[in-house]
Amino acid sequence: MIATEGYKINNKSYNMMRITIFVFLFSIILTILLFFYNKSLSGDIDNINLETTKISENIKKINEDKKVKLYTLVTTNKTYLDKYKYLSNIPLFLNTLLELSSKSKIAFNGFSYNEGSISTNATSIDDGYSYASSKVKNFVKDFRKGENGIFSLDFITSFNGQQEIDFGLKFKVK
């Protein structure tokens, strides 16, 4: 019986030794495979870094071109340029004042423009059909109601006269 038990012990230790050797060989093979996989990935990363460097250098060369710099500057500031293009359209503002003058029968004298604000003086004269004061009153009332124009009436800076009324106006460009 002792020999049988010893045989079982030797068989168990032999199986344990086989498992240990198998795990050891598996870990060595896995380590070697991971080493080569890591080396392959490192090579790929180096290639990608090299391509990225080349692309960055090409972008830098392209950005040094004056036309590209100008285009970038214009596209970056397009909203500001469009706003100031509109705000610097003086002929449009003058034509609008002339239309207001003929429509309301009020003469505008002088014109000052500064950063979206127009200052002007106006004169309203009795013409036999309507009083100068009613022309001014109707002009201000109608202008403040209207939302279609390019100006909004900011405030009246001065007001004097009776038969001939002189008054100063300030408009904001919409």
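The values are calculated or read from the model by the stated rules, or taken from the named source; none is laboratory data. As the structure is a computational prediction, the values presented were derived from the model and not from experiment. Heads up, the Cβs are rebuilt from the backbone with ideal geometry, glycines too, and the neighbour counts pull from every protein chain shown.
Can you spot a residue in region 11-19 that is modelled with pLDDT of 90 or more and either assigned to a helix (DSSP H, G or I) or loosely packed, with under 10 Cβ neighbours inside 10 Å (or both)? Within region 11-19, one or more residues are modelled with pLDDT of 90 or more and either assigned to a helix (DSSP H, G or I) or loosely packed, with under 10 Cβ neighbours inside 10 Å (or both).
Rundown of residues vs (1) within 26 Å of the chain's Cα centre (by Cα); (2) of a type in the set (S, T, N, Q), yes/no style:
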{"site": "45", "(1), (2)": "no, no"}
{"site": "52", "(1), (2)": "no, yes"}
{"site": "75", "(1), (2)": "yes, yes"}
{"site": "90", "(1), (2)": "no, no"}
{"site": "93", "(1), (2)": "no, no"}
{"site": "100", "(1), (2)": "no, no"}
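Selection of region 141-167 for residues being within 20 Å of residue 126 (Cβ to Cβ) and either modelled with pLDDT of 80 or more or within 41 Å of the chain's Cα centre (by Cα) (or both) yields 141, 142, 156, 158, 159, 160, 164, 165, 166, 167. Here residue 25 fulfils each of the conditions (1) within 60 Å of the chain's Cα centre (by Cα); (2) modelled with pLDDT of 95 or more; (3) not aromatic (Phe, Trp, Tyr) apart from (1). Within the option set 100, 153, 94, 81, being under 30 Å from residue 58 (Cα atoms), among the aliphatic types (A, V, I, L, M) and out of contact with any His (no Cβ under 6 Å at 6 or more places or on another chain) holds for one residue only, 81.
None of 150, 125 is touching a helix residue (DSSP H, G or I) at 6+ places or on another chain (Cβ under 8 Å), closer than 30 Å to residue 80 by Cα and among the β-branched types (Val, Ile, Thr) except 150.
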